[in-house]
Amino acid sequence: SNNERTFIAIKPDGVQRGLISSILGRFENRGFKLVGIKLCQPSESLLRNHYDDLQSKPFFPSLLSYMLSGPVLATVWEGKDVVKQGRAILGATNPLNSAPGTIRGDFAIDMGRNVAHGSDSVESAEKEINLWFKKEELVEYKAAMFNWLYE
Ligand code: DAT
Ligand code: MG
């Protein structure tokens, strides 16, 4: 379907390094539709919920303090296979394995400073979008370029 959605966040390092436009530009250029965007300072409880599956990992405390260290740009993108495509645009979790041309492969060195987040499945995208956004913060509209992007 053409209205799959994913949650993409620019982490505090990405915001502080001035990478917002470079990162969002890749999703815009690919043709995905922006349906939600806000700069926020997520609470510890939101982040614990967001990274629920990682709470028992040894790196969790440093992940939490990294994510609390500054503003996060939360975004929602819509389009065909956008969850998988978003992960491909981001690159591997560890920048050592992220191919050049991906966001992490172009802008990151350390796993603990990997500049952006993307949902890893349609189910987690739904959970994350509901966690970070209220329904009324998401905007529904027909993208003018729709028929130039989809057959
Ligand atoms: P991703 O962000 O690619 O979805 P993840 O959900 O497994 O990766 O982990 C969330 C973040 O936690 C990841 O972006 C960086 C950090 N992280 C993951 N595995 C790690 C590890 N083994 N050591 C240190 N940090 C790690
Ligand atoms: Mg993940």
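The values are calculated or read from the model by the stated rules, or taken from the named source; none is laboratory data. Note that the structure is a prediction, hence the values are computed from the model and not measured. Positions of Cβ are backbone-derived with ideal geometry, glycine not excepted, and every protein chain shown enters the neighbour counts. When the accessible area is computed, the model is the full protein with side chains, heavy atoms only, and any ligands, DNA or RNA have been set aside. Shrake-Rupley method; radii C 1.70, N 1.55, O 1.52, S 1.80 Å.
Going by the structure shown, is residue 128 farther than 13 Å from residue 27 by Cβ, more than 10 Å from ligand 1 (Cβ to nearest atom), buried (at least 16 other Cβ atoms within 10 Å of the Cβ) and within 13 Å of the chain's Cα centre (by Cα)?
Values: farther than 13 Å from residue 27 by Cβ: yes; more than 10 Å from ligand 1 (Cβ to nearest atom): yes; buried (at least 16 other Cβ atoms within 10 Å of the Cβ): yes; within 13 Å of the chain's Cα centre (by Cα): yes.
Judged against the criteria, residue 128 is a match.
Which one of these does residue 93 not meet: (1) buried (at least 16 other Cβ atoms within 10 Å of the Cβ); (2) within 10 Å of ligand 1 (Cβ to nearest atom)?
So residue 93 meets the others, but not (1).
Take residue 75 and tell me if it is polar (S, T, N, Q), within 15 Å of the chain's Cα centre (by Cα) and more than 15 Å from residue 35 (Cα to Cα). Quick ask: steps written out before the conclusion?
On the way: polar (S, T, N, Q): yes; within 15 Å of the chain's Cα centre (by Cα): yes; more than 15 Å from residue 35 (Cα to Cα): no.
Here the answer is no, as residue 75 does not meet what is asked.
Of everything in segment 121-138, what is assigned to a loop (DSSP other than H, G, I, E, B) and under 12 Å from residue 5 (Cα atoms)? Give them in sequence order.
Within segment 121-138, 121, 138 qualify.
Output the number of residues of segment 1-60 satisfying the condition of being exposed (fewer than 15 other Cβ atoms within 10 Å of the Cβ), outside any helix (DSSP H, G or I) and among the polar types (S, T, N, Q).
7
Looking only at segment 39-50, decide whether some residue is in contact with a strand residue (DSSP E or B) (Cβ under 9 Å, 6 or more places away or on another chain) and under 20 Å from residue 25 (Cβ atoms).
yes
Please determine, by comparing only the residues of segment 76-93 that are touching a residue at least 40 places away in the same chain (Cβ under 8 Å) and β-branched (Val, Ile, Thr), which one is farthest from residue 146 (Cα to Cα).
If we take residues in segment 76-93 being touching a residue at least 40 places away in the same chain (Cβ under 8 Å) and β-branched (Val, Ile, Thr), then 89 is farthest from residue 146 (Cα to Cα).
From the list 46, 73, 96, 39, which one is free of Cβ contacts under 8 Å to residues at least 24 places away in the same chain and either within 16 Å of ligand 2 (Cβ to nearest atom) or out of contact with any Cys (no Cβ under 7 Å at 6 or more places or on another chain) (or both)?
Result: 96 is the single residue among 46, 73, 96, 39 that is free of Cβ contacts under 8 Å to residues at least 24 places away in the same chain and either within 16 Å of ligand 2 (Cβ to nearest atom) or out of contact with any Cys (no Cβ under 7 Å at 6 or more places or on another chain) (or both).
Hey, residue 107 hits all of (1) within 14 Å of ligand 2 (Cβ to nearest atom); (2) open to solvent by 20 Å² or more (accessible area, probe 1.4 Å); (3) aromatic (Phe, Trp, Tyr) but one; which does it fall short on?
Going through the list (1) within 14 Å of ligand 2 (Cβ to nearest atom); (2) open to solvent by 20 Å² or more (accessible area, probe 1.4 Å); (3) aromatic (Phe, Trp, Tyr), residue 107 breaks only (1).
Taking only pairs six or more apart or across chains, which ones have beta-carbon atoms under 9 Å, a first residue in segment 110-136 that is more than 20 Å from residue 88 (Cβ to Cβ), and a second residue that is open to solvent by 30 Å² or more (accessible area, probe 1.4 Å) and near ligand 1 (Cβ under 9 Å from one of its atoms)?
110/94; 112/59; 112/62
Considering only segment 101-120, state which residues are near ligand 1 (Cβ under 10 Å from one of its atoms), not basic (Lys, Arg) and not in a strand (DSSP E or B).
108, 110, 111, 112, 114, 115, 119, 120
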